[in-house]
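Trainee: Okay, handing you the structure first.
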Amino acid sequence: MQSLQKLTSRFVPLRIENVDTDQIIPARFLKATTKTGFGKNLFRDWRYENDDETKPKADFVLNQSQYSGEILVAAKNFGCGSSREHAAWSIQDYGFKVVVSSFFADIFKNNALNNGVLPVTVSDVFLQEIFAVGADDTLTVDLEAQTITINTTGSSEKFEINSYKKTCLLNGYDDIDYLLNMKAEIEAFEKKRNES
Amino acid sequence: MGKTLFEKIWDQHVVKQIEGGPSVVYIDKHFIHEVTSPQAFSGIEKRGAKLFRPKQIVATADHNVPTLHQELPIKDALSKFQVDTLIDNCQKHGVELYGLGHQYQGIVHVIGPELGITQPGMTIVCGDSHTSTHGAFGSIAFGIGTSEVEMVFASQCIMQTKPKVMRINIDGALKNGVVSKDIILYIIAQISASGATGYFVEYAGSAIRALSMEARMTICNMSIEMGARGGMIAPDQTTFDYIKGRLFAPTGADWDAKLSAWKQLYTDADATFDIEIHIKAEDIDPMITYGTNPGMGLSVRGTLPTTESFKDATEKQNYEKALQYMGLKAGQSLLGMPVQHVFIGSCTNSRIEDFRLVASIIKGKQKDPNIKTLVVPGSQEVAKQIKAEGLDKIFADAGVEIRQAGCSACLGMNEDKIPAGEYCVSTSNRNFEGRQGAGARTLLASPLTAAAALLTGKITDIRELI
């Protein structure tokens, strides 16, 4: 897993609530058996007319050249619905390293963290502040300090992340590395349960 | 202080509490399927690790399979490769597979319970958000991502932050024509598609106790549609009677020991919940959704909200976006609106009781000539039972074909899809944009309401037909 410490970037504002994982990556693209190449189909049906890559929808943010960057900012309840990790893979493969919202669905949040994509939960007020600034403004996400800052206005907010996950992200190791080192404890747990 | 049902099972499975972090939770049963497992198998191989407890894993092929002519090779090359990869992986790693052609094959959340694999007090995971279905047996069951599938492969454990607990009490008697699907659609409409995010939900109350196991599964299945990590119902005599005698159910002295442990699985009287909700069963009508998330539902006799009722600008904009996608108008009624498709199936409503309900409505009648149907049993066992009870004849006489087991048109992944712009009354669980195929317009409802649409060709209050 790639590590993530501090990121300053422009952002893509997606002012849509309840963005479900079927929108992030429609099911017909889940037939792959690898984790790569999903970025081109990110938000596929919001991005293109009739599934045609030569017909981008002008009103969708990913097709608007003024917006770019490694941070996606979305309205509340981002990532609801299916548990497909392909949603996190497609966001990462497209080039986003951070997703900001005022509310994340649980499974998506875990999936993102397990792939080194940082979900940053901000207050509704702060989310509106981000949406209010221009396309050329940048955000800075500092994982060590657990802060997100709008650089033009200087407005800043703390965000929550548990210290274990924070260490994982800062160092680029994952839960499986941790669990593989716990085998003896797990075997002891099994033994104890079988005896009781 | 007493413990909730959730806490009792959770505490029994915590191997370790990481300071300032998640718990390491032991998993009793792990279900896998072709779509969310291949990257986990390749991940584990890349690490040079082995599956830790392959005997605690059960695999099936369901999402990506055709529902006609399953005896022929799968036509779509990518789908075939994915299903073949599951076969290879299961062989290589010693995992039991109920694949295509196997007598136990079916939707993962249908076969687990019907084979008696799902039992009270267990922790159960699967790379599928509707794993919450198994909570109907009083187990902690929830959907996970592929990294977490790999985690369980590697260690039979998962890292999880302990969720908060919510209890939803439904008391009283259901009205005629109202079934468990209506209960859960009503709850989600009340608390919204994100109303239970961060929570594990226990469903309780006299209306829940009165339900069959299959009806309880329908309710727990859709817990994720209000954002809940999972849903569960305390096991009782209905649960024990359902499990007893099933293929993988305990027998003899083992049964007696398990049964006495299962009887301890209830929320203590003095246990507390972070949130408690009370619902009167008699307030629930047959329900239908009108929008693009399962929280956008109403009584089949209701009218859509007006745009003025949304105070928040983003919410209003989202409502208008949903109406535009669905081709509906604010303030309108759905009653009498023509539809083109009816889908009966999915892990929500594809069990034998669902087929009995539909058969009771369509018996001796003809489907509306304009309606196209996708009627799909949840498993080979359900399909067999349909024949054994002669229900297949009732469907055939009504002009309705019964297909072969799989997820079918629930998710627009396999061959079964709804065309763009057309309406489908669906017994499945999600009405997201494009869920049943790009541009498809999904109206979620119970098997009874689906049967009514099948006969009349339009949105109909089932109570007019019974």
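The numbers here are math on the coordinates, done by the rules we state, and not lab data. The shown structure was predicted, so the numbers you read here are calculated from the model rather than taken from an experiment. Every residue, glycine as well, gets a Cβ built from its backbone with ideal geometry; the counts of neighbours run over all protein chains shown.
Trainee: Take the alpha carbon atoms of region A:59-171, find their radius of gyration, then divide it by 2.2 N^0.38 Å using N residues; give the quotient.
Mentor: 1.03
Trainee: Rounded to whole Å and sorted largest first, what semi-axes of the equivalent ellipsoid does the C-alpha gyration tensor of region B:106-169 yield via the square root of 5 times each eigenvalue?
Mentor: Semi-axes from the Cα gyration tensor: 19, 17, 11 Å.
Trainee: To continue, here is another question. What aspartates and glutamates could a cross-link reach from B:Lys3, if we take a straight Cα to Cα line under 14 Å and drop same-chain neighbours fewer than 8 places away?
Mentor: B:Asp11, B:Glu202, B:Asp268, B:Asp270, B:Asp274
Trainee: Here is the link list: A:Lys109/B:Lys162; B:Lys181/B:Lys321; B:Lys329/B:Lys367; A:Lys183/B:Lys16. Which ones come out longer than 21 Å on Cα distance?
Mentor: On the way: A:Lys109/B:Lys162 14 Å; B:Lys181/B:Lys321 26 Å; B:Lys329/B:Lys367 28 Å; A:Lys183/B:Lys16 12 Å.
From the list (A:Lys109/B:Lys162; B:Lys181/B:Lys321; B:Lys329/B:Lys367; A:Lys183/B:Lys16), the Cα-Cα distance tops 21 Å for B:Lys181/B:Lys321; B:Lys329/B:Lys367.
Trainee: I'd like the Kirkwood hydrodynamic radius of region B:209-248, using the inverse of the mean 1/r over distinct C-alpha pairs, in Å.
Mentor: 11.2 Å
Trainee: If I take R0 = 45 Å and measure r between the Cβ atoms of B:Lys75 and B:Asp397 in this structure, what FRET efficiency does the formula 1/(1 + (r/R0)^6) give, to the nearest 0.05?
Mentor: Computed FRET efficiency for B:Lys75 and B:Asp397: 0.90.
Trainee: Which order do A:Val122, B:Val179 fall in if you start with the one that has the fewest other Cβ atoms within 10 Å?
Mentor: Ascending Cβ contact count within 10 Å gives the list A:Val122, B:Val179.
Trainee: How big is the Rg/Rh ratio for region A:108-196, C-alpha atoms only, Rh by Kirkwood, two decimals? Let's see the in-between values first.
Mentor: On the way: Rg = 18.9 Å, Rh = 15.8 Å.
Taking Rg over the Kirkwood Rh, I get 1.20.
Trainee: Could you compute how fast the protein assembly as shown diffuses translationally, taking Rh as the Kirkwood radius over C-alpha pairs and applying Stokes-Einstein at 25 °C with viscosity 0.890 mPa s? Give it in µm² per second. Let's see the in-between values first.
Mentor: Details: Rh = 25.1 Å.
The estimated diffusion coefficient comes to 98 µm²/s.
Trainee: In what sequence do B:Trp262, A:Trp89 fall when counting other Cβ within 10 Å, fewest first? Write out the running numbers ahead of the final one.
Mentor: Values: B:Trp262 21, A:Trp89 28.
Ascending number of Cβ neighbours within 10 Å: B:Trp262, A:Trp89.
Trainee: Which of the lysines could a cross-linker span from B:Lys80 if the Cα-Cα distance has to be under 16 Å and same-chain partners fewer than 8 positions apart are dropped?
Mentor: A:Lys31
Trainee: How do B:Ser192, B:Ser147 line up, fewest other C-beta atoms within 10 Å first?
Mentor: Lowest to highest Cβ neighbour count: B:Ser192, B:Ser147.
Trainee: Please report, in debye to the nearest 20, how large the charge dipole of region B:293-369 is about its Cα centre when each Lys and Arg carries +1 at its beta carbon and each Asp and Glu carries -1 there.
Mentor: For this selection, approximately 320 debye.
Trainee: For the charge dipole of the protein assembly as shown, defined by +1 on Lys and Arg C-beta atoms and -1 on Asp and Glu C-beta atoms about the Cα centroid, which residue among B:Gly99, B:Asn176, B:Asn318 has the Cα displaced farthest towards the positive pole?
Mentor: The Cα lying farthest towards the positive end belongs to B:Gly99.
Trainee: Restricting the count to DSSP beta bridges whose residues both fall in the protein assembly as shown, what percent are antiparallel, rounded to a multiple of 5?
Mentor: So the antiparallel bridges in the protein assembly as shown amount to around 35 percent.
Trainee: Which value, to two decimals, describes the C-alpha radius of gyration of region A:1-56 once divided by 2.2 N^0.38 Å?
Mentor: 1.38
Trainee: Based on the Kirkwood radius over alpha-carbon pairs, what value in µm²/s does the Stokes-Einstein equation return for the translational diffusion coefficient of chain A at 37 °C and 0.692 mPa s?
Mentor: 184 µm²/s
Trainee: Can you give the translational diffusion coefficient of region B:59-145 in µm²/s, computed by Stokes-Einstein from the Kirkwood radius over Cα pairs at 37 °C and 0.692 mPa s?
Mentor: Taking Rh from Cα pairs, D becomes 236 µm²/s.
Trainee: Out of residues 5 or more away from B:Val58 or on other chains, whose amide H comes under 5 Å of its own, with H placed 1.01 Å from N in the peptide plane?
Mentor: Hits under the 5 Å cutoff: B:His30, B:Phe31, B:Ile32.
Trainee: While we're looking at this one, here's another question. What are the semi-axes of the equivalent ellipsoid of chain B, taken as the square roots of 5 times the eigenvalues of the Cα gyration tensor, listed largest first and rounded to whole Å?
Mentor: Details: eigenvalues 215, 144, 101 Å².
They are 33, 27, 22 Å, listed largest first.
Trainee: Starting from one equal scatterer on each C-alpha and no solvent at all, send me the Debye-based log10 I(q)/I(0) for region B:205-295 at q = 0.11, 0.15, 0.19 Å⁻¹, two decimals.
Mentor: For the requested q values the scattering log ratios are -0.45, -0.80, -1.14.
Trainee: Label points 7 Å out from Cα along the Cβ direction at B:Gln366 and A:Asp52: separation in nm?
Mentor: 4.0 nm
Trainee: Continuing with the same structure: Taking the convex hull of the Cα atoms, report for region B:308-389 its projected area averaged over all directions, in nm².
Mentor: Values: hull surface 31.5 nm².
Convex hull of Cα atoms, orientation-averaged projection: 7.9 nm².
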